[in-house]
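Readers should treat all values here as calculations from the given coordinates under stated rules, not as data from a laboratory. Please read these numbers as outputs of a predicted model, since none were measured by experiment. Note: ideal-geometry Cβ built from the backbone for every residue, glycine included; neighbour counts use all protein chains shown.
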Amino acid sequence: MHRTLFGVTTLALVAPAFVAATTTSAAADPSAGLDDGAHVWRAASAKGPRLVRPAKIGQAKIGMTVEEAMATGEFKQDVPNPPCDPIKLQPTKSYRTQYVVSVADDRIVEMNATGDDMATPTGTRIYSTYRRIERDYGAALSKPREVGYGQWGVYLHRGKKGPNRRWIGFLFGEALVEDGALGRNDIMTLMGVTKGKRPPLMLDGC
């Protein structure tokens, strides 16, 4: 039996100084060597989905400074978010409900996507099935492992082991480990990207 866990729609602290928004909607990545425009499904946005890759969403990369991120034109800065702290970097326009950005020491350390206007270059997006994600990434995809709040997740990485390894993770928020193995028809509910360490695939309140 699968149960919806409402805790998966908000972001957990991965560093003491990060600031993130609570959102209702989040991301993933492609296989190396694929044409970034080749197989992406079109979304509601007039410009199509914002692409999610290991350690990158849109033009923003993990490790960028706030100033560098603002220069991409994809964010607003220090957006009021009562009763929580201001949001250090909030995506602009319709993307503000699509993904959240965590900042620590003035640098992007994590990004999480839950919106349906986000996609990897292969076309994987929120609500894609495990079967679809396996098809897209094949042997490059990790085996399912317990993540988040006792849920299933899978990962993909690029680069050598160490601080510069680029990660993307896929959370199956309604598939609980205690209920048995991850099924081919279970749906992905969150995409997280980091660098150096695997994304925790958790979103918690402010």
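Taking a straight line from the alpha carbon of K93, these aspartates and glutamates sit under 17 Å away, with near neighbours fewer than eight places off in the same chain left out: E74, D78, D116, D117. Charge dipole (Cα centre; +1 on Lys/Arg Cβ, -1 on Asp/Glu Cβ; no other charges) of segment 98-186 amounts to roughly 620 debye. Per-residue 3J(HN,Hα) values for segment 73-90, derived from phi via the Karplus relation 6.51 cos²θ - 1.76 cosθ + 1.60 with θ = phi - 60°, read x, 9, 9, 9, 10, 6, 7, x, 8, x, x, 7, 5, x, 7, 5, 9, 10 Hz in sequence order (x marks Gly and Pro). Of the residues V66, P86, A55, the one whose Cα sits farthest towards the positive end of the charge dipole of segment 52-99 is A55 (charges of +1 on Lys and Arg Cβ, -1 on Asp and Glu Cβ, taken about the Cα centre). Beyond 20 Å, how much of the Cα-Cα pair distribution for segment 123-206 remains, as a whole percent? Summing the P(r) of segment 123-206 above 20 Å gives 29 percent of all pairs. Each of the peptides 75-84, 169-178, 132-141 was scored by the mean count of other Cβ atoms within 10 Å over its residues; in descending order, highest first, they stand as 169-178, 132-141, 75-84.
Of all aspartates and glutamates in the structure, the ones whose alpha carbon falls short of 16 Å from that of K195, not counting any fewer than 8 places away in one chain, are D29, D105, D106, E110.
Backbone N atoms of segment 185-206 closer than 18 Å to the 7 Å Cα→Cβ label point of N164 belong to residues 194-198. Spacing of the modelled spin labels on M70 and C206, each 7 Å from Cα toward Cβ, amounts to 2.3 nm. Placing unit charges on the Cβ atoms of the charged side chains and taking the dipole of segment 97-193 about its Cα centre, the candidate lying farthest along the positive direction among P163, Q98, M118 is P163.
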